[in-house]
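K.L.:
Below is one structure. I have some questions about it.
The values are calculated or read from the model by the stated rules, or taken from the named source; none is laboratory data. Computed from a prediction, not measured in an experiment: that's the story for all the values here. Cβ atoms come from the backbone with ideal geometry, glycine included; neighbour counts cover every protein chain shown. These accessible areas exclude ligands, DNA and RNA; they are computed on the full protein's heavy atoms, side chains included. Shrake-Rupley method; radii C 1.70, N 1.55, O 1.52, S 1.80 Å.
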Amino acid sequence: MSRWAVVSVGLAALVGVGQLHLEAGQPPGVAAQAAGTHPSVQPSSSTPAGSTASTARALLDRYCVTCHNARTRTAGLTLDEDTMDVSRVGEGAAIWEHVVRRLRADAMPPAGRPRPDAATSRAFVSWLETQLDHAAMATLDPGRPAIHRLNRAEYANVIRDLFDLEVDAHALLPADDEQHGFDNIAEVLSVSPTLIERYLAAAQRISQRVVGDLGLRPVAHTYPIHGGLNQDGAVSIDLPFGSRGGVAIEHNFPVDGEYIIRISLRAQEYGYVRGLGEPHQLDVRLDGVRLGTFTVGREWEPGQLPPMGYAGKFEQVYDSHSFPEWEAYALNADKGLEIRTTVTGGRHLVGISFDRRSALAEGILPLPPDRSSYSHGQDEMQDGNPAVSGVQIIGPYNPTGASELPSRSKVFVCRPTGGTAEEERCARTILSALARRAYRRPATEADVETLLGFYDDGRAGGSFDAGIQAAVERLLVDPEFLFRIETDPADVPPGTAYRISDLELASRVSFFLWSSIPDDELLDIAARGQLRDPAVLDQQIRRMLADARSTALVENFAGQWLQLRKLRNAAPDTATYTAFDESLRDAMGQETQLFLEHELREDRPLVNMLRADYTFVNERLARHYGIPNVYGVHFRRVTYPDETRGGLLGHASILTITSYANRTSPVVRGTWLLENILGTPPSPPPPDVPSLPSARADGAPRSVRERLEQHRANPVCASCHNTIDPLGFALEAYDAIGRWRTTSGGGTPFDTGIPIDASGTLVDGTEIHGLAGLRHVILSRGNQFVETVTEKLLTYALGRTLEHYDMPVVRQISRQSAPDDLTWSSLISGIVKSTPFLMRRSES
């Protein structure tokens, strides 16, 4: 207990240490250590012809100072000559970067006010950016990231790579806070007493599974299946060909022993199992080998089956003993659906499925049910198919060993065969290797001695394995493991920019690309001091991007940049969108994941995400899109048959998360485009913003466009909506679940017959018509899209909020080549070689 008390106190103390490093903004003056040895920021472009400080001042005085002066201070911004000197842009860099962003968004001057022509505005922005970039060269500031705690995704990946063990971090640890859409921002990855307790509990459970503790008590792991998942067809390529419904589960069996696999069936709201009107064969398999089969449902004699809707109402309408045999069976049909079997420790595939014989003839597609209706909840579906509602895996019982666990092969690099001295030598070898990878640096003698102390405690009360388990448990709560700590060198003056060590760089690169620890090759190169060589760094970036672990970059970066994580909680109204179910939700997410991963691995230009003429679909999603001749649950690449879709913006995942439950929202979609595609987020709405007018006027339905036009009649509302709405209107041909339509409410029971108008006019007069027109407008401003992706990816890579002094770096990286030519590898290499990634500011 005393050792664990020390660990808890150390973790708690680190909370305070972390707070000392939470800095924002730039200190007054940052020196650069070893001038000429650090990467420099180059001006983004040459000064445009005719653009000078005097012409810039004249433009500001004519179009901006009327509102933004010392007297009115509109939006808290003052741009008059006495306050903001355009000949010394660097002194007000934070304000001028804000001006650049607002001008690029066409938000200044507001609609209805005199505006410069587009060419003049672009020339001023270009000149201003050049001045800011020149100023940044003289005042280098790479920022000072806070101490970075591993978030849940990183924690799970590190355990996987350290021990070859998959864990459910969502079950082990609480959710992480987010900032600017990302959950790896160090400033908000705080530590609480509750989190420390969860870390201690997780360390104990994981260490037991790593070594294969034979003293584990039986535990039930439950795998529920969403009630909205359609199980009338195949659901997984991991289940047998010709199967229907069910679930495929990858389960980690902790040790060799006996386990119970228990199955529950989907029932209506009173507990009566559905689909029992005829027999169905239920198949249970382990790693593809059949363990057993069950019959669900039976052949019934005439008069044995009750009428539809009988369940739950028999006391009021029927004699409660009219159908006793059916009632007893329907309430207990899944009792006894379990198999007890012997399983070796490690990861195995448990497959549960029905045979493909369906209640409907082959080729006949059932109408999607209205799952929101009162009758649906009570329907016994006697003429339908039974479905699995969940699986429990319980064990281990009678454990016999754990020799084949992948985690043991990873950890036990030696096995002692002699006495105490040999055991200690082997323990030292094991713990030295673990500490090196877990702490992401060569292990010191003090590191190993600390772990050996815990090994001795465990060994004294048990076996050699018990000692290693105790040491692993201690390692998993060490601050050096849970936090990425970068220490200022002793010889660096306060407030000085300096280059981080190769070992710190290795961690930055690996957590950027893999959301995990460096592997042995990267760590070896860093330990030899070779990673700072640009050629070596480039080679490692290419190697790491080709590794399967780089999928984490798509899952974690793209999932948060595009807000795709919202898809799992999206709740379209099933009364309006009866076609939506869990199979479609899963397919939507998988499409975008596969598309982005393909773009990354093929090293396509960034703009191809918008203009690609292909996607990945399975049968369910292809039917949703109207793409013919696609069958089965597996995904395959297809070329769009027409112009109705193309690129990311036509993906149902994005169109769904940017809609309300029962209708589309041009405002939500337009705001999403401004934030995530164009990098010009609108100002937050005022607290008293009125809601949209009624959907009906004088008894006649009104489109969303008509209601928004009335909303924009208010000048306060128009100032933002004139920028937001035209972008959102361009996507109106897609409903709230991303389905193509030609009328408002088309494809739903609430079709108004009002034709869809997918056009809009931007503030500068540019007209947009549909998705194709929207793509054309965005691609014509390719720099803006590429800079947005760069800004988002740099935020994710650094794990901190970008400040105004980071924007010259964003411009330098994004403009290293033409927008049409900047590929993923070039962007990633540019970020890794940038000043804020390679350097750090010492504490002031």
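K.L.:
Can you compute the FRET efficiency between Ile237 and Thr487 using 1/(1 + (r/R0)^6), with r the Cβ-Cβ distance and R0 = 51 Å? Round to the nearest 0.05. Display every interim value, and only then the final one.
P.N.:
Numbers: r = 48 Å, r/R0 = 0.94.
That gives a FRET efficiency of 0.60.
K.L.:
Under a plain spin-label model, where a point goes 7 Å from the Cα along Cα-to-Cβ, how far apart in nm are Val289 and Asp688?
P.N.:
Label at Val289, label at Asp688, 7.4 nm between them.
K.L.:
Just to confirm my numbers, what's the Cα centroid distance between segment 820-839 and segment 239-274 in Å?
P.N.:
Each part reduced to its Cα centre gives a spacing of 46 Å.
K.L.:
Here's a follow-up. Can you tell me the dipole magnitude for the chain around its Cα centre, using point charges on the Cβ only (Lys, Arg +1; Asp, Glu -1), in Debye to the nearest 20? If you can, show how the numbers build up before the last one.
P.N.:
Details: 83 positive and 106 negative charges, 202 e Å.
Rounded to the nearest 20 debye, it is 960 debye.
K.L.:
Compare the Cα positions of Val411, Ala438, Ala546 along the charge dipole of segment 407-559 (+1 at Cβ of Lys, Arg; -1 at Cβ of Asp, Glu; about the Cα centre) and return the one farthest towards the positive end.
P.N.:
Ala546
K.L.:
Taking a label point 7 Å from the Cα of Thr66 along the Cα→Cβ vector, which residues of segment 80-110 have an amide N closer than 14 Å to it?
P.N.:
It comes to 108-110, nothing else.
K.L.:
Per residue of the chain, what 222 nm ellipticity follows from adding -39500 (n - 2.57) for every DSSP H run with n ≥ 4, rounded to the nearest 500? Intermediate values should be presented prior to the final figure.
P.N.:
Working: 30 runs with 325 residues, N = 844.
Computed mean residue ellipticity for the chain: -11500 deg cm²/dmol.
K.L.:
What's the extension gain from Thr222 to Ser87 if we count 0.36 nm per residue and subtract their Cα-Cα distance? Walk me through the numbers before you get to the answer.
P.N.:
On the way: separation 135, 0.36 × 135 = 48.60 nm, distance 6.64 nm.
Residue separation times 0.36 nm, minus the Cα-Cα distance, leaves 42.0 nm.
K.L.:
What does the charge count around Thr139 come to, taking other residues whose C-beta lies under 13 Å from its C-beta (Lys +1, Arg +1, Asp -1, Glu -1)? Kindly include the intermediate steps, with their values, before the conclusion.
P.N.:
Values: positive: Arg88, Arg841; negative: Glu91, Asp133, Asp141, Glu803, Asp806.
Every neighbour counted, the sum reads -3.
K.L.:
For segment 540-669, report the accessible area per residue in Å² (1.4 Å probe, heavy atoms, rounded to an integer). Before the final figure, lay out each step's value.
P.N.:
Details: 4690 Å² over 130 residues.
Accessible area per residue, segment 540-669: 36 Å².
K.L.:
Applying the Karplus parametrisation 6.51 cos²θ - 1.76 cosθ + 1.60 with θ = phi - 60° to the phi angles of segment 794-807, what ³J(HN,Hα) value in whole Hz is obtained for each residue in order, glycine and proline being reported as x?
P.N.:
5, 4, 5, 5, 7, x, 8, 5, 6, 10, 4, 6, 8, 5
K.L.:
Further, regarding this structure: Arg428 to His98: extension gain in nm, 0.36 nm per residue of separation minus the Cα-Cα distance?
P.N.:
Details: separation 330, 0.36 × 330 = 118.80 nm, distance 5.57 nm.
The span from Arg428 to His98 would gain 113.2 nm if fully extended.
K.L.:
Now, a different point. In the chain, what percent of the accessible surface is made up of carbon and sulfur (1.4 Å probe, ligands and nucleic acids excluded)? If you can, show how the numbers build up before the last one.
P.N.:
Details: 18770 of 35980 Å².
Ligands and nucleic acids excluded, carbon and sulfur reach 52 percent.
K.L.:
Under unit Cβ charges (Lys, Arg +1; Asp, Glu -1), what dipole magnitude, rounded to 20 debye, does segment 374-499 have relative to its Cα centre?
P.N.:
Numbers: 13 positive and 19 negative charges, 108 e Å.
Roughly 520 debye, rounded to the nearest 20.
K.L.:
Taking the simple approach of a point 7 Å from Cα along Cα-to-Cβ for both Cys414 and Glu258, what is their distance in nm?
P.N.:
Those two pseudo-labels are separated by 4.0 nm.
K.L.:
Relative to the present Cα-Cα distance, how much length would full extension add between Leu331 and Thr74 at 0.36 nm per residue of separation?
P.N.:
85.7 nm
K.L.:
Give the residue from Tyr199, Leu291, Ala506 lying farthest towards the positive end of the charge dipole for the chain; charges sit on Cβ (+1 for Lys and Arg, -1 for Asp and Glu) and the dipole is referred to the Cα centre.
P.N.:
Ala506
K.L.:
Also: If you count only protein heavy atoms with a 1.4 Å probe, what accessible area per residue comes out for segment 98-159, rounded to a whole Å²? Write out the running numbers ahead of the final one.
P.N.:
On the way: 2150 Å² over 62 residues.
Normalised by residue count, the accessible surface of segment 98-159 is 35 Å².
K.L.:
Identify, among Tyr640, Ala622, Trp561, the residue whose Cα sits farthest towards the positive end of the charge dipole of segment 545-686, taking +1 on the Cβ of Lys and Arg and -1 on the Cβ of Asp and Glu, with the dipole about the Cα centre.
P.N.:
About the Cα centre, the residue reaching furthest to the positive side is Trp561.
K.L.:
Roughly how many whole Å is it from the C-alpha centroid of segment 555-584 to that of segment 100-148?
P.N.:
Measuring centre to centre over Cα atoms gives 35 Å.
K.L.:
Which FRET efficiency value, to the nearest 0.05, do you get for Thr55 and Asp821 by plugging their Cβ-Cβ distance into 1/(1 + (r/R0)^6) with R0 = 22 Å? Present the calculation step by step, with values, prior to reporting the outcome.
P.N.:
Values: r = 32 Å, r/R0 = 1.44.
Computed FRET efficiency for Thr55 and Asp821 comes out at 0.10.
K.L.:
Rounded to the nearest 10 Å², what accessible area does Val536 show when all protein chains are kept and the probe is 1.4 Å?
P.N.:
40 Å²
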